[in-house]
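See structure below.
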Amino acid sequence: PEMRTSSMLTAAVMAAFAGAAQAQAPAAPAAGAKPSIPQVCTSCHKPEPGKVSGYFDNVAFKSQSMQLNLGTHTEILRFSPKDLVVVDAGDRKKIDHLREIKKGHEMTVTWVEKDGQRFATEVRFKGPIKTPPEKLVNFDQVAKLVDQGPEKGNYVLIDSRPLPRFQQGHIPTSINLPYPTFDKFVDRLPKEKDKLVVFYCQGITCMMSPMSLRRAEAMGYTNLKVYREGIPEWQTRRFAVLTPAFLKEAYIDKDIPHVLLDVRTPEDATSGHIKGAVSMPADKVKANLKAFPDPKLMAPIFVYDGKGGTEAAKAAQALVSAGQK
């Protein structure tokens, strides 16, 4: 395939991002197959009658409706302000609290059907999973370990999320030991029971890393920590990584729109490249930041080079510093 070069950069990148934005738009589910919880949550949770769980999208007080994102589709529910119960992290809140909820916050809605429409009677927002303070590490501590590397830092960093999430991108140096199949992959834990092991997952409301810590404790491990902010915080400050095989399996083979940047020299890029890549030398990334759309789209961007990732890392960090996630 013909290589897209920097002269085609803006058009190519914008076209790819437009596709990515469409990919993020909820797809209409097949009749009779409408799930009530996101697919990724089915490893730990089961659907319940009269309830729908997902990620908060928005609320409209004028039309008295709210919208949840379930990954495969959106769920729109009506509500009566005087009847709706709002609970956040276990605490009862006034209905205006809905205005303060950030997009993407995990929530469960209890509903009843009236005149063919679903009306929410209770909204519960998931609070932070409680973990003893002495078991927690923060971003700076994890970043220091990652910069040192597992050998020098003498640690094991474990992504407790299911494999599909790990394939989409993970913290550098981490390995995947999914909590839902923890017993099947316990051999991925270190042999030394006193070695530092740090677990992380999908953020402060995700239970997979704290539960993994408890499982490892029961096995006799004594130096366990949780980075509870996990991948959501990491990707606001640093880039995630993935293997070529994961890029192929998780995105290219599934035709999921994405932006793929080849940051080698134009000469190297035209000698052979991954299909669909845009040629943009690493030292040109900062100058072309305006070619990228609003970071709020959170469209997938992948960067590669031909020298072990050094140039790709510089380019990726420039994009992160510009607000891309």
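Can you name every one of the strands (runs of 3 or more DSSP E) wholly within segment 29-92 that holds 1 or more residues which are open to solvent by less than 40 Å² (accessible area, probe 1.4 Å), modelled with pLDDT of 85 or more and small (Gly, Ala, Ser)?
Of the strands (runs of 3 or more DSSP E) lying wholly inside segment 29-92, those with at least 1 residues that are open to solvent by less than 40 Å² (accessible area, probe 1.4 Å), modelled with pLDDT of 85 or more and small (Gly, Ala, Ser) span 51-60, 65-69.
Give all pairs with beta carbons closer than 7 Å in which a residue from segment 200-223 that is over 13 Å from VAL156 (Cα atoms) and in contact (Cβ under 8 Å) with a residue 40 or more places away in the chain meets a residue that is among the small types (Gly, Ala, Ser) and surrounded by fewer than 22 Cβ atoms within 10 Å (Cβ to Cβ); count only pairs at least 6 apart in sequence or on separate chains.
Going by the 7 Å Cβ cut-off, the qualifying pairs are THR205/GLY127.
If I filter segment 93-143 down to residues being assigned to a strand (DSSP E or B) and out of contact with any strand residue (DSSP E or B) (no Cβ under 7 Å at 6 or more places or on another chain), which single residue comes out as most open to solvent (accessible area, probe 1.4 Å)?
Per the stated criteria, the residue is GLU113.
Residue by residue through segment 275-312, note down the ones that are of a type in the set (A, V, I, L, M, F, W, C) and open to solvent by 30 Å² or more (accessible area, probe 1.4 Å).
ALA287, LEU289, LEU297, MET298, ILE301, VAL303 - these are the residues of segment 275-312 that are of a type in the set (A, V, I, L, M, F, W, C) and open to solvent by 30 Å² or more (accessible area, probe 1.4 Å).
Looking at segment 226-244, can you tell me whether even one residue there is open to solvent by 50 Å² or more (accessible area, probe 1.4 Å), within 25 Å of GLY71 (Cβ to Cβ) and at pLDDT below 90?
no
Which condition number does ILE252 fail, the rest of (1) among the β-branched types (Val, Ile, Thr); (2) under 19 Å from the mean Cα position of the chain (by Cα); (3) under 20 Å from THR42 (Cβ atoms) being met?
Here ILE252 clears every test but (3).
For ALA250, which of the numbered conditions (1) at pLDDT below 95; (2) open to solvent by 40 Å² or more (accessible area, probe 1.4 Å) fails to hold?
The failed condition is (2).
List the residue pairs whose Cβ atoms are under 9 Å apart, where the first residue sits in segment 238-249 and is farther than 10 Å from GLN168 by Cβ, the second is assigned to a helix (DSSP H, G or I) and among the β-branched types (Val, Ile, Thr), and the two are 6 or more positions apart or on different chains.
Close Cβ pairs (under 9 Å, with a partner that is assigned to a helix (DSSP H, G or I) and among the β-branched types (Val, Ile, Thr)) amount to ARG238/VAL146; ARG238/VAL320; PHE239/VAL320.
Take ALA269 and decide whether it is of a type in the set (A, V, I, L, M, F, W, C) and touching a helix residue (DSSP H, G or I) at 6+ places or on another chain (Cβ under 9 Å).
When the stated conditions are applied, ALA269 does not pass them.
Kindly provide the set of residues from segment 149-173 that are open to solvent by less than 30 Å² (accessible area, probe 1.4 Å) and among the aliphatic types (A, V, I, L, M), ordered by number.
Of everything in segment 149-173, those that are open to solvent by less than 30 Å² (accessible area, probe 1.4 Å) and among the aliphatic types (A, V, I, L, M) turn out to be VAL156, LEU157, ILE158, ILE171.
In segment 272-298, what residues are closer than 20 Å to ILE171 by Cβ and either touching a helix residue (DSSP H, G or I) at 6+ places or on another chain (Cβ under 6 Å) or not in a helix (DSSP H, G or I) (or both)?
Across segment 272-298, the qualifying residue is only MET298.
The values are calculated or read from the model by the stated rules, or taken from the named source; none is laboratory data. Computed from a prediction, not measured in an experiment: that's the story for all the values here. No Cβ is skipped: glycine too gets one built from the backbone with ideal geometry, and neighbour counts run over all protein chains shown. Accessible surface is based on the protein model in full, side chains and every heavy atom, while ligands, DNA and RNA are left aside. Shrake-Rupley method; radii C 1.70, N 1.55, O 1.52, S 1.80 Å.
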